[in-house]
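What follows is a short report on a single structure.
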Amino acid sequence: MIPSHAEYKKDISYYNIFHEIMRKTMKNEKTSNLRDMILDETFDIEPDEIRKIGYHTTDLIVDYFKNIHTRPILPEKTLEQMRELLNEPLPQIEQTPRVVLDECKKKIIENAVLVGHPRFLGWILASGTAIGAFADGIASALNQNVAISGVGMATATEMLVIDWIKEILGYDSKAGGILVSGGSIANLISLTIARNVKAQYDIATHGIKQDNNMVIYASEEVHMCIPKAVNILGIGTNNIRWIKVNDNYRLDILDLEFKIAEDKKKGKHPFAVVATAGTVNTGAIDPLESIADVCQKHNLWFHVDAAYGGFAALSPKLKPLLNGISRADSIALDPHKWLFIPFEAGCVLVKNPFFMTQTFTTKTDYIHADSTKIPLSDDVDYSEYGIQLSRGFRALKIWMSLKQYGVEKYGRIIEQNTNLARYMAELIEESPDFNIMFPVNLSIVCFRYVPKDINKKYKSRQKKKIEEYLNHLNKAIVQALRADRRAYVSSTILEDKFVLRACIVNHRTTKKDIVDIIGIIRELAITEDDAIRNKFL
Ligand SMILES: Cc1ncc(COP(=O)(O)O)c(C=O)c1O
């Protein structure tokens, strides 16, 4: 039925081929009438059937939240076993929604990682809200594409949510903003704008020139999405100047000044500084006011990656830690972190909204001809503020969560997370067998297990060997935690030390959970130490 290459070459237009295929199809099916062929089939089902999907889905979600405290945090199965469980041929025929939902429960829900479990403190993954989950359902039912002018209410909701986020941070009310999938894209969008605004030529048209000499500054503790963005933007990661951090893992302002001066002497073109408000490793907040001063002095774009720490501004007590953020040219935020919005929800704010549309507007007839616009709406077209054209209705879950809980409760929960982190650090400091790595910043606690007897027993041995063993032991503890499944913390490396890293971005975690987590880690650590020490020391 598909035309051969020769036939294809003979045919002057794709249009002819298409009609030939359709004609042959009809002939094969012995149908002469096109109208008879069209059955007016849809995917719709009766309202009662939809209701049943809703009730059953609600039961699944309610059970998930109800049992989240008691189930094992991690699934027992490996990825390979999960793929095996799901493995089946491409479905050919219909089945009832009930069958699909039952299978979803058995195979997918029951094998999910319980990110919202009160003892899950791995990475900076927040615990979500029930209303956020249902908001996603409503957003999907409405199926809005929040881009092209014309979706009105969804656009208005996003505009309001962006206004609220600016107010939370104390940022310029006239700033532009857009919701995106997460912090990585928020940083990419911000740095794209920074690059285009600060390039000394029309970089959007002419592209990166070999001799454009652009250099960007970020601390050694910056999130890996920054080098990724610099790579994507064609600036090249060799043109990131890595600024030293001080004892508290904050960017060293003198080193920043020094490196900018050095680059200027060499004829380079410094164009931006990335500060972090809440580093991923340790929760440190860079000295934002001082960095803003340096950027002002050298006419550099001041970008703040506040993906993790930005919403600390919801707590009146913590907000002063972010002093200086209002001077940023752009800010990347993650409502799916400390605003507890279910994935995905990131946000970009840019002080001068014109820079956003200048960077991202690409006029096309099929979008921008007036005739394609739905009247009634002459509002913001979000496709001109970022990368995506088709965009989901992310604002709804943020709007609903903020309305349900209000900023006061949000502030209390965020403060509770920071207090739990300090409490955890206190318990660790009081323990003879754990070492804390640094005073807590925001809600990250880095620590490691150091067996009580290790320094005394092996005093005569080289320190290096003990350090190697401690790295190995703490790695083994993380693996044991994964297998044990009662609690979860992640890990990182600080000054060549492998350390455990608890990130408390979880509204369900209580004081008791913190005590239990330390107890579980100690129990597993003792077993691991007994099992492996002889092989190393
Ligand atoms: C400081 C910081 N920036 C950026 C990101 C990346 O955000 P996302 O994972 O939403 O892309 C993270 C993620 O943890 C982060 O902590």
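Points worth noting:
- Hydrodynamic estimate: the Kirkwood radius of the range 157-371 over Cα pairs, inserted into Stokes-Einstein at 4 °C and 1.567 mPa s, corresponds to D of 74 µm²/s.
- Potential lengthening of the chain between Gln92 and Tyr366 amounts to 95.1 nm, from the contour at 0.36 nm per residue minus the alpha-carbon distance.
- Residue-normalised convex hull volume from the C-alpha trace of the range 400-461: 85 Å³ per residue.
- Distance between the modelled labels on Asn246 and Arg482, one decimal in nanometres: 3.7 nm (7 Å Cα→Cβ projection).
- Entry note: the chain has Rg to Rh equal to 1.03, where both radii use alpha-carbon atoms and Rh is the Kirkwood radius.
- Net +/- balance of residues flanking Gly411 in space, Cβ distance below 13 Å, scoring K and R +1, D and E -1: +2
- Förster radius 35 Å - calculated FRET efficiency between Ala130 and Glu257, Cβ distance, rounded to 0.05: 0.15
- Over 18 Å between alpha carbons, listed pairs Lys337/Lys409; Lys105/Lys337; Lys174/Lys319: Lys105/Lys337; Lys174/Lys319
- Helix 288-298 axis versus longest C-alpha principal axis of the chain: approximately 70°, rounded to the nearest ten.
- Net charge contributed by nearby residues that have their C-beta within less than 14 Å of Thr492 (K/R +1, D/E -1): 0
- Under 27 Å from the Cα of Lys465 - lysines, other chains or at least 8 residues apart: Lys452, Lys456, Lys457, Lys475, Lys497, Lys535
- Simple rule: put +1 on each Lys or Arg Cβ and -1 on each Asp or Glu Cβ in the chain, find the dipole, and look at Gly116, Ala525, Gly128; the Cα lying farthest toward the positive end is Ala525.
- Shape call, the range 227-300: gyration tensor on alpha carbons, a/c limit 1.5: oblate
- Helix 253-265 vs. the chain, principal-axis angle (Cα, 0 to 90°, nearest 10): 60
- Considering all different alpha carbon pairs of the range 407-536, the Kirkwood hydrodynamic radius works out to 15.4 Å.
- Crossing angle, helix 14-28 versus the chain [Cα axis fit, 0-90 degrees, rounded to tens]: 70
- 16 Å Cα-Cα reach of Lys463 towards aspartates and glutamates, excluding residues that sit fewer than 8 places from it in its own chain: Asp453, Glu495, Asp496
- Computed lengthening from Thr510 to Ser140, 0.36 nm per intervening residue step minus Cα-Cα distance: 129.9 nm
- Annotation: the antiparallel percentage among DSSP beta bridges lying fully within the chain is about 55.
- Qualifying aspartates and glutamates (Cα of each under 18 Å from Cα of Lys107; at least 8 residues distant if same chain): Asp59, Asp63, Glu76, Glu80, Glu84, Glu88
- Computed from the C-beta positions of Ile45 and Ala112 and an R0 of 35 Å, the FRET efficiency is 0.85 to the nearest 0.05.
Here, each number is a calculation from the coordinates, and none is a lab measurement. Please read these numbers as outputs of a predicted model, since none were measured by experiment. We place every Cβ from the backbone using ideal geometry, glycine too, and count neighbours over all the protein chains shown.
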